[in-house]
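Enquirer: This structure is in structure tokens; I'll ask about it shortly.
Read-outs: derived from the displayed coordinates by stated rules, not from any lab. All of these numbers come straight from a predicted model, not from anything done at the bench. Here the Cβ is made from the backbone with ideal geometry for all residues, glycine too, and neighbour counts use every protein chain on show.
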2 protein chains.
Amino acid sequence: MVLVRTRNPLNVGAAARAMSNFGFLKLRVVEPFDVAFREARSAVGAPELLANAEEFGSVAEAVADCSMVVGTTAVGSRVLAHPLKRLERGGSEIRSHLGSGSVALLFGSEKRGLSNDDLSHCHWLLRIPTREEHISMNLGQAVAVCLYELIRSSELPVSSGELVAPANSGELGRLTQVLFEALSVSGYVKAGSEEITLEKARRLVRRMSLNAEDAETWTGMLGKMKAGNRQ
Amino acid sequence: MVLVRTRNPLNVGAAARAMSNFGFLKLRVVEPFDVAFREARSAVGAPELLANAEEFGSVAEAVADCSMVVGTTAVGSRVLAHPLKRLERGGSEIRSHLGSGSVALLFGSEKRGLSNDDLSHCHWLLRIPTREEHISMNLGQAVAVCLYELIRSSELPVSSGELVAPANSGELGRLTQVLFEALSVSGYVKAGSEEITLEKARRLVRRMSLNAEDAETWTGMLGKMKAGNRQ
């Protein structure tokens, strides 16, 4: 589980407690609000996993070794460029993926949730089915509900039968980079729109559900096209 | 929902928030710790249902008009004289009962849970499937998880992200063709291996599980790279 820019120590503590309750023991934090994180860590009865939490400077680094990255969202007015799945369905996809690879589940800050840049690292988004009139949940409660869904009727992880490992975020990052470069040299990227095109490419690549081999193939193909255009 | 002798105003507030999130708007409190209850009620952003909460002097009065009374428990050492059901199963019994009668779901105090006397008013008990090593949940989180189970897979409109149609074979065929052409002009395809590369590209594209929009984006990008290489 990855907490991104969480501000309130009580929420960090509550998230960690729910993780311990449901047996998810690996916590990563991205740019934690320092005071909050230290307070939560030193709180009486803080679960052990909080002391072992790993800190990262960016979402990209925090999810680099994960082959499925899922963002949580309350879906406000923001336009979403990602597939959005209800927890019941998304949860079962996460469960089956856990059979063959590792999954990062991202929660954003209390005020703003995940930024568009954070979201661009996600393969898809997860929504807890709250009612229209009051969609926004407390962070600790949202974490508890998501993790409960994952261990719910804890059947053993379904073995996918897929022998090739899904591509991890590091591999998808390299693919995104070479795609962007190939687009640049081909003249596809208009001046001034570099950043938005890179973000678009990142999302596009995340939606492809590539395995590691296919990611490598694409990286090789696009590298060749890029080189061809450079000559 | 019935909160029995809750002491912490933050927990009362969190329970109320989860109720509002999941659409359970009737809260009853039994012997609330006065200060806590008043604080929770007057907190900024307290859901309306908290202002409308009914107060009772005993569990018996609070559940008098309910035809199913369910206690929640973390099951410590206490000997239980009641059937104990895991949330997944108990939740579906509650759901079906709600079709014909009203249900009271009881949560006890943070320290001691429900007393034996409280439990004696219950038809059966509900247990959230936490792990052995850490069974006791935070009250607000336990409420959120139970209520989520009750509304789980209730029919709600399909989210917008799921409405994008998957790419059809024609679209995938055009994408495959332009990918092959871009590879050809870039020098990726070795002489004599055209057929096998085209087949490989076709399979690769089929494994991407693209939607119609993304297929079009890829076709445009690859077309541009191809054109760039031709110049």
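Enquirer: For segment A:106-211, what does the relative contact order come out to in percent, with C-alpha contacts under 8 Å and a separation of six or more? Display every interim value, and only then the final one.
Expert: On the way: 49 pairs, mean separation 44.1, N = 106.
Reported relative contact order: 42 percent.
Enquirer: Which value, in debye to the nearest 20, describes the size of the charge dipole of chain A about its Cα centre when Lys and Arg Cβ atoms bear +1, Asp and Glu Cβ atoms bear -1, and nothing else is charged? Walk me through the numbers on the way to the answer.
Expert: Values: 27 positive and 26 negative charges, 100 e Å.
With Lys and Arg at +1 and Asp and Glu at -1, about 480 debye.
Enquirer: Considering only DSSP beta bridges with both partners in chain A, what is the antiparallel share in %, to the nearest 5? Write out the running numbers ahead of the final one.
Expert: Values: 2 of 20 bridges.
Roughly 10 percent of the DSSP beta bridges within chain A come out antiparallel.
Enquirer: Find every distance from the label point of A:S96 to the corresponding label point in the other copies (7 Å from Cα along Cα→Cβ) and write them in nm, one decimal, shortest first.
Expert: Copy-to-copy label distances at A:S96, shortest first: 2.8 nm.
Enquirer: In percent, how large is the relative contact order of segment A:169-230, given Cα pairs closer than 8 Å and 6 or more residues apart?
Expert: On the way: 44 pairs, mean separation 36.2, N = 62.
Relative contact order of segment A:169-230: 58 percent.
Enquirer: Mind pulling the angle between the C-alpha long axis of helix A:139-151 and the longest principal axis of chain A? Nearest 10 degrees, somewhere in 0 to 90.
Expert: Relative to chain A, helix A:139-151 is tipped by roughly 80 degrees.
Enquirer: Further, regarding this structure: Averaging sequence separations of C-alpha pairs under 8 Å and six or more residues apart, then dividing by the length of chain A, give the relative contact order as a whole percent. Walk me through the intermediate numbers first.
Expert: On the way: 366 pairs, mean separation 52.9, N = 231.
It rounds to 23 percent for chain A.
Enquirer: Using the Cα gyration tensor of segment A:91-161, with a ≥ b ≥ c the square roots of its eigenvalues, what is the shape: rounded (a/c below 1.5), prolate (a/b larger than b/c) or oblate (neither)? Numbers along the way, then the final one.
Expert: Working: a/c = 2.51, a/b = 1.48, b/c = 1.70.
It is oblate, given that a/c is not under 1.5 and a/b is not larger than b/c.
Enquirer: A further question follows. Can you bin the protein assembly as shown into rounded, prolate or oblate? Criterion: square roots of the alpha carbon gyration tensor eigenvalues sorted a ≥ b ≥ c, rounded for a/c under 1.5, prolate for a/b above b/c, oblate for the rest.
Expert: Numbers: a/c = 2.63, a/b = 2.34, b/c = 1.13.
Prolate, because a/c is 1.5 or more and a/b exceeds b/c.
Enquirer: Tilt of helix B:169-186 relative to the longest C-alpha principal axis of chain B, in degrees (0 to 90, nearest 10)?
Expert: Once rounded, the angle reads 50 degrees.
Enquirer: Let me ask something else about it. Would segment A:169-231 count as rounded, prolate or oblate if I go by the C-alpha gyration tensor, calling it rounded below 1.5 in a/c and otherwise prolate when a/b exceeds b/c, oblate otherwise? Intermediate values should be presented prior to the final figure.
Expert: Details: a/c = 2.79, a/b = 1.25, b/c = 2.23.
Since a/c reaches 1.5 but b/c is at least a/b, the shape of segment A:169-231 is classed as oblate.
Enquirer: Nothing charged except the Cβ atoms of Lys and Arg (+1) and of Asp and Glu (-1): what's the magnitude of the dipole of segment B:27-117 about its Cα centre? Round to the nearest 20 debye. All intermediate terms of the calculation are to be shown ahead of the outcome.
Expert: Working: 10 positive and 12 negative charges, 97 e Å.
Magnitude of the dipole: close to 460 debye.
Enquirer: Suppose you put the label 7 Å out from Cα in the Cβ direction; list, shortest first and in nm with one decimal, how far A:R112 is from each other copy's label.
Expert: For A:R112, the inter-copy label distances come out at 4.7 nm.
Enquirer: Also, I was wondering about something else. Of A:T219, A:T176, A:T72, which has the largest mean-square fluctuation in a 10 Å C-alpha GNM of chain A?
Expert: Maximum fluctuation in the GNM of chain A, among the listed residues, is at A:T219.
Enquirer: On a 0 to 90 degree scale, rounded to 10, what angle separates helix B:87-98 from the longest Cα axis of chain B?
Expert: For B:87-98 against chain B, the angle is about 70 degrees.
Enquirer: When chain B is treated as a GNM, springs tying every alpha-carbon pair under 10 Å, which of B:V103, B:V30, B:V44 comes out with the largest mean-square fluctuation?
Expert: So, out of B:V103, B:V30, B:V44, the one fluctuating most is B:V44.
Enquirer: Right, something else. Relative to the other copies, what are the label-point distances for B:L84, with labels 7 Å from Cα along the C-beta vector, expressed in nm at one decimal and sorted shortest first?
Expert: 4.0
Enquirer: Oh, and also: Return the single residue from A:E199, A:E110, A:E213 with maximal mean-square fluctuation; model: Gaussian network over chain A, springs between Cα atoms under 10 Å.
Expert: A:E213
Enquirer: OK, next. Taking the DSSP beta bridges in the protein assembly as shown as the whole, what percent of them are antiparallel, to the nearest 5? Could the numbers behind the result be given before it?
Expert: Values: 4 of 40 bridges.
If we restrict to bridges inside the protein assembly as shown, about 10 percent are antiparallel.
Enquirer: I would also like to ask the following. To the nearest 20 debye, what is the magnitude of the charge dipole of the protein assembly as shown about its Cα centre, counting +1 on the Cβ of each Lys and Arg and -1 on the Cβ of each Asp and Glu? Don't skip to the end; give the middle numbers.
Expert: Working: 54 positive and 52 negative charges, 130 e Å.
Roughly 620 debye for the protein assembly as shown.
Enquirer: Another one. Among B:Q177, B:V4, B:S193, whose Cα sits farthest toward the positive end of the charge dipole of the protein assembly as shown (+1 at Cβ of Lys/Arg, -1 at Cβ of Asp/Glu, about the Cα centre)?
Expert: B:S193
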